[in-house]
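Inspection log for the structure reproduced underneath, given as structure tokens.
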Amino acid sequence: MKIFKKGVVIVSIYFILFCSLYAQQYKRVLVDNFEDGNHRNEFGGYWFTFDDRADVLGEIEPVTLRYKHPQVVNGSTHSYVFPAPDPTGTATPFQPQPHGVKNSKYCGYFRFDVGRSNFQYAYASMGTNFIDVGQNKDLPSVEMKQYIDLSEFNGIAFWMKVSDDILNASGQGKEVKIKLTYKLAPGTYGDVPKEVGISHASGRPLSSDWQFYVILFNRLQDGGWRYPWVDNDRYFGDPYDDWEPFDILQDGTQATQPRQSLGREELKDTTKYPPLPDKPTRITRGKFDKIKAIQFQTMGKADGARTGEVWVDDIYLISYDTTTWTKDSDGDGWNDYEEFAAATDQNDPNSYPVAYSKTGKSTEEESMIKKVEVSPQVFYPGDGTELVELKDGKKVRGGGTVIFVSLRDTSKSGKVSLKIYDSSGKLVADKNTNKNFISEQPLTAGNAVISWRGYNNEDKLVPPGIYIIRADIEIDGKIYTKYTTALVKSYKVK
């Protein structure tokens, strides 16, 4: 009996050690699946979009644009991103997009156009910070509280799909980057990125169907504007000097470029914020201990797609045994760490990450409908003759928006009906009225064009906000449904 009990104890110890080892090596933590329908992730941070309008030295910090309005350079020659960045910091127009992967309710989405920018490297992105510290984010006393330690993880997994104009771009344009931003020290200019092309790093091509990607942190590379002198300095030079003569580096040489600390006056009190003895952020072997945000970013005007759309869903951080990166236990073409990240069976060749079925084919909606596009996506409501008053007293003429529906098969005809919902999910318009003509509109030769002027079913202008547009497309007696969104600009509601 004693021997038996001793054996049980030994087995139990081994089991506990095994579980402890497994817990250390294998972890899957949700960042966001968007199903709560709001603009916050599971860590409490906010989703945002970034429209690159600033000069190349970057008088703004992209990943904190929730609290900063982008500076427009040379008038209107700037990039465009939808949803638009929040200019006030009191809220955010970012909202999840309906119809996510595997028919889930919501996903993340942004649409961009960098072709109108004069800036050669203009880009747009969607991202999320991990910790929100409010309007005082630039004070050094709270600045470092925005970062979390991700050193226990070694990868990020997510579903993503892109629009055809990204896939049809030339060269590097057929790519979307993933970027993690981290901080070197309080007061240093902006945030330092590690980034990589998603299809390049994952080995999975971009697709207009939902595709599963896993990016290992050790594939990320230094990104952004490179300052070679940073590598020679312990903490990005003297954190109190922006102008010539520039910082004296640790090796005694003088930096050739400004560090651009954004003029943070509080940092000048060296007794309160002394220079740091060493870099507070370690970037070694794909591990990070001061991570601020994750971004999904276009390649830029010079070498990327000029226009496009990106959808992202079910984002996880993963930790997996690095000694088994290349192991594929069931021989299905997906490595074990990829299947772990997707919660599929690593030992079943018929279980692997696909969006719709084991054949990997799209839903009928995806295979039938080429696009449902709104232009403009940001507009003032009205029929073209009605004036709406802005908060500053100015009046503008509202013109509504146009919904373009295209089928992949241009020989098909049918009809389209729109249903308009506000951001809370309340139906506001679905009938033909004196102002709206949105029900049972003709679709011929695979195309339909429908105007929504921003009126509800009572022919009253809808208030400002984000609206979900549902298109029910009837073809050969069967209805296919697609969703998109539009933003009604702010005006005085009567």
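Being at pLDDT below 50, out of contact with any Asp or Glu (no Cβ under 9 Å at 6 or more places or on another chain) and either in a strand (DSSP E or B) or loosely packed, with under 13 Cβ neighbours inside 10 Å (or both), is that true of even one residue in the stretch 23-43?
Yes, the conditions are met somewhere in the stretch 23-43.
State whether the residues of the stretch 59-79 include one that is modelled with pLDDT of 55 or more and closer than 19 Å to GLY304 by Cβ.
If we filter the stretch 59-79 for residues that are modelled with pLDDT of 55 or more, which is where we start, we get 78-79.
Filter again for closer than 19 Å to GLY304 by Cβ, leaving 78-79.
Within the stretch 59-79 (the criterion being modelled with pLDDT of 55 or more and closer than 19 Å to GLY304 by Cβ), the answer is yes, since at least one residue qualifies.
If you take the residues in the stretch 153-181 that are closer than 20 Å to ILE291 by Cβ and assigned to a loop (DSSP other than H, G, I, E, B), which one is modelled with the highest pLDDT?
VAL176
Starting from the stretch 382-407, keep only residues that are under 9 Å from ARG453 (Cβ atoms), then list their pairs with residues that are among the basic types (Lys, Arg) whose Cβ atoms are within a distance under 6 Å, requiring at least 6 positions of separation or different chains.
So the pair list comes out as ASP383/ARG453; GLY400/ARG453.
Quick one: which residue in GLU338, GLU386, GLU364 is under 29 Å from TYR106 (Cβ atoms) and at pLDDT below 90?
GLU364
Report yes if GLY304 is surrounded by fewer than 23 Cβ atoms within 10 Å (Cβ to Cβ) and at pLDDT 50 or above, otherwise no. Even if it seems obvious, please write down each step before you answer.
Numbers: surrounded by fewer than 23 Cβ atoms within 10 Å (Cβ to Cβ): no; at pLDDT 50 or above: yes.
Judged against the criteria, GLY304 is not a match.
Anything in the stretch 373-407 that is of a type in the set (D, E, K, R) and either surrounded by 20 or more Cβ atoms within 10 Å (Cβ to Cβ) or in a strand (DSSP E or B) (or both)? List them, or say none.
GLU373, GLU389, LYS395, ARG397
Check ASN457 against each of (1) part of a strand (DSSP E or B); (2) touching a residue at least 24 places away in the same chain (Cβ under 8 Å) and name the one condition it does not meet.
(1)
Looking at the stretch 408-427 only, could you name the residues that are surrounded by fewer than 19 Cβ atoms within 10 Å (Cβ to Cβ), of a type in the set (Ser, Thr, Tyr) and under 24 Å from PHE94 (Cα atoms)?
SER423, SER424 - these are the residues of the stretch 408-427 that are surrounded by fewer than 19 Cβ atoms within 10 Å (Cβ to Cβ), of a type in the set (Ser, Thr, Tyr) and under 24 Å from PHE94 (Cα atoms).
Test each condition in (1) without any contact (Cβ under 8 Å) to a residue 60 or more places away in the chain; (2) over 29 Å from the mean Cα position of the chain (by Cα); (3) closer than 24 Å to PHE82 by Cβ; (4) part of a loop (DSSP other than H, G, I, E, B) for ASN432 and report the one that comes out false.
For ASN432, the failing item is (3).
Go through (1) surrounded by fewer than 22 Cβ atoms within 10 Å (Cβ to Cβ); (2) modelled with pLDDT of 90 or more; (3) charged (D, E, K, R) for ASP269 and report which single condition fails.
Of the numbered conditions (1) surrounded by fewer than 22 Cβ atoms within 10 Å (Cβ to Cβ); (2) modelled with pLDDT of 90 or more; (3) charged (D, E, K, R), the odd one out for ASP269 is (2).
Give me a count of the residues in the stretch 100-122 that are under 17 Å from GLU309 (Cβ atoms) and at pLDDT 85 or above.
The qualifying residues number 11.
I'd like the residue in the stretch 448-494 that is more than 30 Å from GLU389 (Cα to Cα) and of a type in the set (D, E, K, R) and, out of all such residues, is surrounded by the most Cβ atoms within 10 Å (Cβ to Cβ).
Per the criteria, the residue is LYS482.
Quick check on my filter: what residues within the stretch 291-319 are touching a helix residue (DSSP H, G or I) at 6+ places or on another chain (Cβ under 7 Å) and closer than 15 Å to ASP51 by Cβ?
GLN295, GLY304, THR307, GLY308
The values are calculated or read from the model by the stated rules, or taken from the named source; none is laboratory data. Owing to the predicted nature of the structure, the values given are computational and were not obtained by experimental measurement. Cβ atoms come from the backbone with ideal geometry, glycine included; neighbour counts cover every protein chain shown.
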